[in-house]
Amino acid sequence: MSNEKVSKEELLKKANKPAEDAMKLHPFYKGKIEVLPKCCIRNVDDFAIWYTPGVASACMDIKAHPEKVYEHTNKGNMVAVVSDGTRVLGLGDIGPEAGLPVMEGKGLLFKYLGGVDAFPICLATKDPKEIIRTVQLLAPSFGGINLEDIAQPKCFDILDELRKTMDIPVWHDDQQGTATVCLAGLINALKIVKKNIQDVKIVLFGAGAANIRIGTLYMHYGAKPENLIYVDSKGTLHKGRTDLKEHREKWHMCEITNGRQLVGKISDALAGADVLSAASTPGPDVIKKEWVAKMNKDAIVFVTANPIPEMWPWDAKEAGARVVATGRSDFPNQVNNSLGFPGIFRGALDVQARTITNEMCVAAAEALAGYAVKTGKMGEDYLLPHMDEPEVFIEEAVAVGLKAIEQGVARRTMTAAELRKNAEFLIRRSIRDVEVRQKEGIVQLP
């Protein structure tokens, strides 16, 4: 058996281990998050302050001054993670109950990485109108909404309607979060290969919610629409794809991208491409080595499907790719929305933003990419920071908060120093809380 063969077997074993461990530890803990007090309880007499009769004074103050809900309650740090379970990871329509472990995991990352309290809300409906109305009704309790794992095309309409009708940030992480982190990764990957975003040919494999938004943000940052080519299960997107006219977002991409009007499959699109940005069907071997081999020298390959990327990263490297990233934390170069949403929401919540704009996403992407450069470690195997570097989430929070203020979508004005101090306190407090609870045995180790 060759050393190469042994190496691949070890890599595959490592890749399968998180799934094996998950089946042991999920039933061990019976969930990943819980609700805990954040106030002091010196003795039971304090309940008269936190509940009746003392709480009535806080209630009446909010009634007289509605904006004080942010002072008297946790609304300003509470996010609802809302899903109907119709597109969970790469598993498809598995239902709200089966999607609950993912939404709990989202809440865990929100808290540990961003100091944000997030609560999973899985809905027993697939009707877009019911989802929209339910989220609107939840607004008094939350400072922000994170839509998650909702199938397209309804996810676009749900997001658009909620952003228009609500005055708190509504964010679809599968769209905006993935796009933000992919842009950060692309910014640094292009530095490594010494290419400009205005010049590169980008192939987007998959035309779902994630890649539609990824391409949109790439173009917002300077990629030329004519240099982008989308490929879905039927082939390239072009003006002749009249089958997509009823799909507003896809048809829009048919009209503005693919300047050469290339008609063909993914193998045709990748010939002479500089960047492959894939967000499609979980692999491996959805993307073939021979297709990647047709790309230009110093190719960039992002294969972000979960839980298994469209191709193994070592196969992409063997095919000639210079920079390779996946959505997984157990491989080098994780390009995953977990690097984005905790810090982005931290900044948006701290300034009580009414929305999260494209410019706020770009600010977060630049902060994320810039932090990797600042560490001095940025390179082919360290494209972006890792989740165990809390400073990066602080950097994102500051950048997002300042951009929200600059754009006039913030209710609260803060300086960069104030944003940093607040983010540092809340994020480091969350990490320290976990450490103390584990050390004291409050959270039992497996």
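Among helices (runs of 4 or more DSSP H) entirely within the range 1-79, having at least 1 residues that are of a type in the set (Lys, Arg) and in the same structural domain as Gly115 (by TED's automatic domain parsing) singles out 55-64. Restricted to helices (runs of 4 or more DSSP H) entirely inside the range 166-264, those with at least 3 residues that are assigned by TED's automatic domain parsing to the domain that holds Leu276 and more than 23 Å from Ile300 (Cβ to Cβ) are 248-256.
Has the range 433-443 got any residue that is within 17 Å of Gly343 (Cβ to Cβ) and out of contact with any Ser or Thr (no Cβ under 9 Å at 6 or more places or on another chain)? No, the conditions are met nowhere in the range 433-443.
Within the range 49-57, identify whether any single residue is surrounded by 14 or more Cβ atoms within 10 Å (Cβ to Cβ) and not β-branched (Val, Ile, Thr), and answer yes or no. Looking through the range 49-57, none of the residues is surrounded by 14 or more Cβ atoms within 10 Å (Cβ to Cβ) and not β-branched (Val, Ile, Thr). If only residues of the range 31-48 that are surrounded by 11 or more Cβ atoms within 10 Å (Cβ to Cβ) and without any contact (Cβ under 8 Å) to a residue 12 or more places away in the chain are counted, the one that is nearest to the chain's Cα centre (by Cα) is Ile41.
Among the residues of the range 152-202, just one is surrounded by fewer than 17 Cβ atoms within 10 Å (Cβ to Cβ) and within 18 Å of the chain's Cα centre (by Cα), namely Asp160.
Going residue by residue through the range 122-129, is there one that turns out to be farther than 17 Å from Gly177 by Cβ, assigned to a helix (DSSP H, G or I) and over 16 Å from the mean Cα position of the chain (by Cα)?
Within the range 122-129, one or more residues are farther than 17 Å from Gly177 by Cβ, assigned to a helix (DSSP H, G or I) and over 16 Å from the mean Cα position of the chain (by Cα).
Close Cβ contacts (under 6 Å, 6 or more residues apart or on different chains) running from residues in the range 225-248 that are over 22 Å from Lys154 (Cα atoms) to residues that are of a type outside the set (A, V, I, L, M) and in a strand (DSSP E or B) comprise Ile229/Thr236. Residue under question is Trp291, and the condition is that it be buried (at least 18 other Cβ atoms within 10 Å of the Cβ) and not assigned by TED's automatic domain parsing to the domain that holds Asp149; does it hold? For Trp291, the condition - buried (at least 18 other Cβ atoms within 10 Å of the Cβ) and not assigned by TED's automatic domain parsing to the domain that holds Asp149 - is met. Give the residue, chosen from Arg328, Arg260, Arg322, that is at pLDDT below 95 and of a type outside the set (A, V, I, L, M). From the options Arg328, Arg260, Arg322, the qualifying one is Arg328.
The set of residues in the range 96-119 being free of Cβ contacts under 8 Å to residues at least 40 places away in the same chain and either crowded, with 16+ Cβ neighbours inside 10 Å or within 30 Å of Leu419 (Cα to Cα) (or both) consists of Pro96, Leu100.
The values are calculated or read from the model by the stated rules, or taken from the named source; none is laboratory data. Treat the numbers as computed from the prediction; the structure is a model and nothing was measured. So basically every Cβ, Gly included, is an ideal-geometry build from the backbone, and we count neighbours across all protein chains shown.
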